[in-house]
1. Starting from the stretch B:145-158, take each residue that is away from chain A (no Cβ under 14 Å) and list its partners that are assigned to a loop (DSSP other than H, G, I, E, B), counting only C-beta distances under 6 angstrom and pairs at least six apart or across chains.
2. Can you tell me which of A:Tyr85, A:Tyr60 is assigned to a helix (DSSP H, G or I), surrounded by fewer than 15 Cβ atoms within 10 Å (Cβ to Cβ) and at pLDDT 70 or above?
3. If B:Leu92 satisfies every condition in (1) in contact with a His (Cβ under 8 Å, 6 or more places away or on another chain); (2) under 22 Å from B:Ala160 (Cα atoms) but one, which is the exception?
4. Return the residues of the stretch B:116-137 that are in a loop (DSSP other than H, G, I, E, B) and closer than 15 Å to B:His83 by Cβ; say none if nothing qualifies.
5. Looking at B:Met99, B:Met129, can you tell me which residue is touching a Pro at 6+ places or on another chain (Cβ under 6 Å) and either more than 25 Å from A:Leu10 (Cβ to Cβ) or touching a residue at least 40 places away in the same chain (Cβ under 8 Å) (or both)?
6. From the list A:Glu31, A:Glu105, A:Glu66, which one is at pLDDT 65 or above and either among the hydrophobic types (A, V, I, L, M, F, W, C) or outside any helix (DSSP H, G or I) (or both)?
7. Which condition from (1) in contact with a Lys or Arg (Cβ under 9 Å, 6 or more places away or on another chain); (2) within 7 Å of another protein chain (Cβ to nearest Cβ) is the one that B:Ser177 breaks?
Amino acid sequence: MPRTATTWLLIAAAALIAVLPLLIGSGSHLEEPFAGADAQARGAVAEIDRGYEPWFTAVYEPPSGEIESGIFALQAAIGAGIIGYYFGVVRTRSRLAQEGAVPPEAAPTETAEADSGSTER
Amino acid sequence: MTTVHEVLEVGSPEMHIAEGYLPWQHAAAWTAAAAPFVAHGVRSLTQAVRADPDAKLLVGAAGAFCFVLSALKIPSVSGSCSHPTGTGLGALLFRPPVMAALGTITLLFQALLLAHGGLTTLGANVFSMAVVGPWVAYGAYRLVRAATASAGEQTSLGAAVFCAAALGSLATYTMTSVQLALAFPDSASGFLGSFTKFAGIFSVTQIPLAVIEGLVTVVLVRLLCRVNPDQLRRLGVLPRRTAEASSADAAVATENKAG
């Protein structure tokens with residue numbers, strides 16, 4: 001199988017596993033489906049029930065769900081941006097190398113290698 | 001009065017233990033346990049970058065991968081949502097100590113800005129996500145790599161990366177269950193009974209997510225193989241010897257052509 005096809009297949013499989021719970025309605029038996037809270041957990045751990053006061057509260061708590069999801073989006077955007085930047089830089093570098101453009105800071109020995117590589121191609 | 005349900009409610013979806021939800025003795029002990037790993041991690045991070053300045057970008061990308069995946073809440077078959085950890089990639093590329101530093105950054109961001117996890121529980125969360133997860137991922141990677149050495153390079157690498165990311169993710173929540181069970185042992189069945197309960201509840205949610213994390217990490221490593229195989233060879237992820245052999249062959253070929 002070609003490598004690109006396998007990669008797309010892997011992505012499709014990951015997406016399917018993520019979407020399947022929504023399609024088959026895994027959350028429909030719950031009062032608040034797909035909330036962060038694990039409703040099923042409540043009954044199961046009822047026996048360990050024990051009084052406990054949290055002794056420290058969060059320094060900052062997003063005042064609403066909208067702001068919270070905004071910060072989550074920011075977190076994902078920062079991460080995705082850096083990953084995209086990485087792939088952009090690396091692809092451009094390898095393309096420039098293929099075109100035979102030798103970066104000016106490259107040492108003479110590296111230049112020779114790059115030249116022999118391009119001759120070979 | 002807060003009950004263990006609420007600990008679970010607040011703690012389980014993010015896989016991290018919420019602020020103030022570990023008794024202070026536990027919080028202090030986990031902080032003390034995690035601190036040397038983080039210090040060592042920061043040192044290995046600077047060493048890795050100094051040894052190979054080209055690796056700096058990839059270190060950043062590995063940290064960014066952890067950042068993205070930690071922000072993505074994914075629905076699971078249990079009817080609730082949780083998120084992957086993304087620590088497996090960096091662990092197998094740069095070895096686990098580097099992830100102790102990078103994972104801590106992610107946890108700190110979420111503790112300070114999102115009220116997920118917390119400062120008092122940072123040590124415990126760092127220990128599970130940035131220490132135990134990466135080490136299990138790295139161990140799984142090396143084991144599967146050795147076991148599938150006879151298989152094709154792509155197959156072996158794919159299988160090893162998948163197991164590393166998925167098992168690292170599962171190990172993180174298992175460790176969280178251990179930490180919660182130690183803090184809240186069952187009155188009748190003690191630590192083990194409590195652990196079985198916490199782990200049993202989390203596993204339904206986390207296993208599909210671990211599979212997703214494994215698949216996504218494999219996709220990313222495949223892309224890395226394509227765009228930057230030389231870097232992976234320097235890191236020892238792709239075999240170094242064959243690379244040298246093939247470049248030596250290429251050199252011989254050009255010499256022959258020239259001569």
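1. Final answer for the pair search is B:Ser156/B:Thr148.
2. A:Tyr85
3. All conditions pass for B:Leu92, except number (1).
4. B:His116, B:Gly117
5. B:Met99
6. Answer to the selection: A:Glu31.
7. That leaves (2) as the condition not met.
The values are calculated or read from the model by the stated rules, or taken from the named source; none is laboratory data. Quantities reported herein were computed from a predicted structural model and do not represent experimental measurements. Note: ideal-geometry Cβ built from the backbone for every residue, glycine included; neighbour counts use all protein chains shown.
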